[in-house]
Amino acid sequence: MNNSYRPRRDATFVRTSRPSKPFNNAHSSGSSSRSSGHTGPRDSGTRTRSTSDRRHSDGGSFSRGGGHSRDGQSSARPGARRVFTHQRPQRSSGGGRGGRVQKTFDVSQFINRNPAPVTETEVFVPKHSFTEFGLDKKLAFTITSSGLINPTPIQDEIIPHILDGKDVIGLANTGTGKTAAFLIPLIDKTLREYSRQTLILTPTRELAIQIEVELNKISKGFKLYSTTCVGGTNIRPQIYGLKRKNHFIIGTPGRVMDLIDRGALRPAGITTVVLDEADRMLDMGFIHDMRKILSGIRQDRETLFFSATMSEDIKKLVNDFLNDPVVVSVKKQDITASILQDVLHYGHSNKFETLTTLLGNPEMKRVLIFGAMKHSVEKLSQQLVAHGITADSIHGNKSHPQRQRSLKKFKDGNARVLVATDVAARGIHVDNVTHVINYDLPATYEDYIHRIGRTGRGKEKGKAITFVQS
């Protein structure tokens, strides 16, 4: 880091919360934000209600807990999520009952100028190969032909339990191979029992599309049918797709609830439910939709539950809807320690100029910038383009095709900068991101960790910079 963005030591961040809430247990449990259309989450749009479209949503945001959300990310009830602002400790004068005390934590949490060296991890030796799980021979051949030779730790541990028909809890981060960990045994079971139907719930449209792509890749040639039910495009093709036999239905909770309410999706026929990234779905306020969906599905179903964390709300969900589950925990090593983290101070009127000066550094070859609001993310992207910087944006006000084009542009190197909101960026994986910039402060410390984890993957050291007003 050069001296142009050396932090001031007296800076502080402020989080708004109930004093009784512990620092590490913040989550959103009472808010919902959604969007609608193909391959996009209902979770990042405005919820409106009309006679023609009972829950159509596209672009805005809605929070069941009574608060507005940022691009589908719930603002939550007081104390549910930690909100970081750069100001002195003070008592909130509005919005909360009786005035909430704003607690501070040291800005040094955003500073790590001496990242740990990236070390070689111990080589994992699986107990099984894909030919030893007892899978359908043609399926095993398809898997190995696609380049999956040895199972990852989560696959090696959890596939046998799913094949045995047990409910499972898989504690694993993204990038551990968990999608294939549940798809492979479920495809095998469907080939043996063609009447099976699996519902896969995900927090975002991007993750749903990634699962759809993986499903099509692994099940190629098996005449298995699926429909993806998410926001961002017309709901009618999804309704039409559900009229045929579907072995797999992939969707976000809000759109799935829409389709159930319309009578287009009948949960009574579902034999297996997969809750992928359940902690994120709860963070985004989908707890009520998740409970309602699960309540309508037959009691003898199989339930597969995947999450990076186990909060109290998640434990309650598990206790209510899973039957004697097997727990498999495979957590990746924390990579944030190996990411160079610093803060960059800017003046009241020169934030954009500070950013463009920073982007002038030739080391910034592929940069992911996080903003707080959809409209501000779009505006920043346009400002960067006007300034001669190749940039694009991804947020909840864009349709799925628009978001996919923006993402492809960034992945292909035709845009050096991608400006994104937290929710829109979830489920997106782009290699070789050299820098992450928190242009707007994250809503929670967990969001901060999730943001900076997009850089510094593998053997590469990542760099993350957080903007702080002087």
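The values are calculated or read from the model by the stated rules, or taken from the named source; none is laboratory data. All values reported here derive from a predicted model rather than from experimental measurement. Reconstructed Cβ throughout: ideal geometry from the backbone, glycine too, with neighbour counts over all protein chains shown.
Details
- Single condition residue 343 does not satisfy, out of (1) assigned to a strand (DSSP E or B); (2) on the phi > 0 side of the Ramachandran plot: (2)
- Breaking point among (1) at pLDDT below 55; (2) of a type outside the set (Gly, Ala, Ser); (3) more than 30 Å from residue 371 (Cα to Cα), for residue 141: (1)
- Within the range 402-452, the set of residues being part of a loop (DSSP other than H, G, I, E, B), more than 21 Å from residue 175 (Cβ to Cβ) and among the aliphatic types (A, V, I, L, M) comprises 415, 441, 443.
- Considering 259, 304, the condition of being assigned to a helix (DSSP H, G or I), modelled with pLDDT of 95 or more, touching a Gly at 6+ places or on another chain (Cβ under 8 Å) and not β-branched (Val, Ile, Thr) is satisfied by 259 alone.
- Residue that is farthest from residue 437 (Cα to Cα) [pool: residues in the range 365-401 that are part of a helix (DSSP H, G or I) and among the hydrophobic types (A, V, I, L, M, F, W, C)]: 386
Yes/no matrix, rows are residues, columns are (1) at pLDDT below 90; (2) in contact with a Gly (Cβ under 7 Å, 6 or more places away or on another chain):
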site: 333; (1), (2): yes, no
site: 338; (1), (2): yes, yes
site: 351; (1), (2): no, no
site: 365; (1), (2): no, no
site: 380; (1), (2): no, yes
site: 383; (1), (2): no, no
site: 391; (1), (2): no, no
site: 396; (1), (2): yes, yes
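- Subset of the range 439-454 [closer than 14 Å to residue 112 by Cβ and either outside the structural domain of residue 359 (by TED's automatic domain parsing) or buried (at least 22 other Cβ atoms within 10 Å of the Cβ) (or both)]: 448, 452
- Candidates in the range 418-456 are the residues that are in contact with a Phe, Trp or Tyr (Cβ under 8 Å, 6 or more places away or on another chain) and small (Gly, Ala, Ser); of these, the one that is modelled with the lowest pLDDT is 425.
- Scanning the range 148-171 for residues that are in contact with a Lys or Arg (Cβ under 7 Å, 6 or more places away or on another chain) and in a loop (DSSP other than H, G, I, E, B) turns up nothing.
- For the condition farther than 13 Å from residue 184 by Cβ, more than 26 Å from the chain's Cα centre (by Cα), modelled with pLDDT under 80 and not in a loop (DSSP other than H, G, I, E, B), residue 119 does not qualify.
- Qualifying residues in the range 362-389 (those that are touching a residue at least 12 places away in the same chain (Cβ under 8 Å) and exposed (fewer than 14 other Cβ atoms within 10 Å of the Cβ)) - the one nearest to the chain's Cα centre (by Cα): 375
- Scanning the range 277-298 for residues that are over 10 Å from the mean Cα position of the chain (by Cα), closer than 24 Å to residue 446 by Cβ and surrounded by fewer than 23 Cβ atoms within 10 Å (Cβ to Cβ) gives 288, 290, 291.
- Criterion: free of Cβ contacts under 8 Å to residues at least 40 places away in the same chain and either surrounded by fewer than 23 Cβ atoms within 10 Å (Cβ to Cβ) or not assigned by TED's automatic domain parsing to the domain that holds residue 144 (or both) - qualifying residue of 223, 217: 223
- If you filter the range 390-422 down to residues that are within 27 Å of residue 229 (Cβ to Cβ) and among the hydroxyl-bearing types (Ser, Thr, Tyr), you find that the one that is surrounded by the most Cβ atoms within 10 Å (Cβ to Cβ) is 393.
- Count - residues of the range 231-243 that are in contact with a Lys or Arg (Cβ under 8 Å, 6 or more places away or on another chain) and either over 14 Å from residue 264 (Cβ atoms) or assigned to a helix (DSSP H, G or I) (or both): 4
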